[in-house]
1. Anything in the range 16-38 that is more than 16 Å from ligand 1 (Cβ to nearest atom) and touching a residue at least 40 places away in the same chain (Cβ under 8 Å)? List them, or say none.
2. I'd like to know if the range 133-152 contains one or more residues that are small (Gly, Ala, Ser), away from ligand 1 (no atom under 16 Å from the Cβ) and either under 26 Å from residue 308 (Cβ atoms) or surrounded by fewer than 15 Cβ atoms within 10 Å (Cβ to Cβ) (or both).
3. Report the residue count in the range 264-287 for those that are assigned to a helix (DSSP H, G or I) and either at pLDDT below 95 or within 13 Å of residue 81 (Cα to Cα) (or both).
4. Going through the range 195-229 one residue at a time, which ones are part of a loop (DSSP other than H, G, I, E, B), within 11 Å of ligand 1 (Cβ to nearest atom) and either closer than 12 Å to residue 254 by Cα or among the hydrophobic types (A, V, I, L, M, F, W, C) (or both)?
5. Counting only residues that are surrounded by fewer than 17 Cβ atoms within 10 Å (Cβ to Cβ) and of a type in the set (A, V, I, L, M, F, W, C), which one in the range 98-131 is farthest from residue 60 (Cα to Cα)?
6. Could you list, ordered by first residue, the pairs with Cβ atoms under 7 Å in which the first is in the range 230-254 and farther than 18 Å from residue 268 by Cβ and within 13 Å of ligand 1 (Cβ to nearest atom) and the second is of a type in the set (S, T, N, Q) and at pLDDT 95 or above, at least 6 apart or interchain?
7. Kindly establish whether residue 110 is within 24 Å of residue 211 (Cα to Cα), more than 16 Å from ligand 1 (Cβ to nearest atom) and in contact (Cβ under 8 Å) with a residue 60 or more places away in the chain.
8. Which one of these is surrounded by fewer than 24 Cβ atoms within 10 Å (Cβ to Cβ), among the acidic types (Asp, Glu) and in a helix (DSSP H, G or I): 95, 65?
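The values are calculated or read from the model by the stated rules, or taken from the named source; none is laboratory data. Source: prediction; values computed, not measured. Counting neighbours? That spans all protein chains shown, and the Cβs are built from the backbone with ideal geometry, glycine included.
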Amino acid sequence: MVENLRERIETLKREKNAVILAHYYTNPEVQAVADFLGDSLALSVKAQSVDADVILFAGVNFMAETAKVLCPDKRVLIPCPEAGCSLAESCNAAEFAAFKAQYPDHKVVSYVNTTVGVKALTDVCCTSSNALEVVKSFPEDQPLIFAPDRNLGSYIKKLTGRTNMVLWDGACLVHEAFSLEGLQALKKSHPEAKVVVHPECKEALVQEADFAGSTAAILEYCGSSEADTFIVVTEAGILAEMEKRFPEKKFIPAPTVDPACRCNECKDMKLVTLENIITTLETLSPEVVIDEETRKAAERSILNMIAIQ
Ligand code: 13P
Ligand code: SF4
């Protein structure tokens, strides 16, 4: 059955001259049909160089919007336009404009997990892969606004020692759901394990990490580390890629505050399925549409980021 769905997708990709870009947090069977699998930075960069008429974005809507901003002449499809992101939704563009107006001499650095409206108000975007480089690219005396993730923002503030950076008070509900006590107990029962943490988690959890970084950086660390057991403090979808790349190693998902809730899964990422990929490719819809003025303004902030990374 899954095999038939996969074959249908391969046929449609050829017929429509389409490629599928997917994030590590999507369902494993969706990751398996992707032409390119990556973290949010790699996916943005890849979107620019894709040689196809159609990009189907298997991920949440801010990621598909980013691809459309960078590739206005391509048809960018999103199987589930309702796949949002709690972090992007924690920063409304109108409220952010009012916040920004309070700090007229500040430059704005925004995480890519934002709507195009917020990107249009941003000087330089960043991802968890390059947030440090982006912040360091500004002179030390340049005051900054960092949005929307308070956890990534305070982590970068700590790393840089920057005191002139104000933070928007947003967060990802998935990454905030991990339990500090649960992680500490797991570390005790697996003293041999290395702890890998996404910096969208609360600071106390990041402090427990042997390594903190983006999804791609975490994968790289697990590959290069001599350890063979890892406690993984990020969205559970990444476990599929970890187990595929490093079958000899063991990956233990960290517990959340309510273990019964499966809240270490990003429900929006899981909305993409093989079935809705097929319908989307067959009908070439839903398509991402952005008005040109907003697109141009958002593009500047993303290109500024890509120039730095
Ligand atoms: P990455 O930048 O590590 O891909 O993370 C994106 C994201 O949405 C994390 O929750
Ligand atoms: Fe957004 Fe969090 Fe899902 Fe990433 S894991 S897409 S930040 S809600």
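1. 16, 18, 20, 28, 29, 33
2. Of the range 133-152, the ones small (Gly, Ala, Ser) are 137, 147.
Filter again for away from ligand 1 (no atom under 16 Å from the Cβ), leaving 137.
Going one step further and asking which of them are either under 26 Å from residue 308 (Cβ atoms) or surrounded by fewer than 15 Cβ atoms within 10 Å (Cβ to Cβ) (or both), we end up with 137.
Looking through the range 133-152, at least one residue is small (Gly, Ala, Ser), away from ligand 1 (no atom under 16 Å from the Cβ) and either under 26 Å from residue 308 (Cβ atoms) or surrounded by fewer than 15 Cβ atoms within 10 Å (Cβ to Cβ) (or both).
3. Final tally of qualifying residues: 6.
4. 198, 201
5. 101
6. What qualifies is 241/31.
7. No, not satisfied.
8. Unique residue meeting the criteria: 95.
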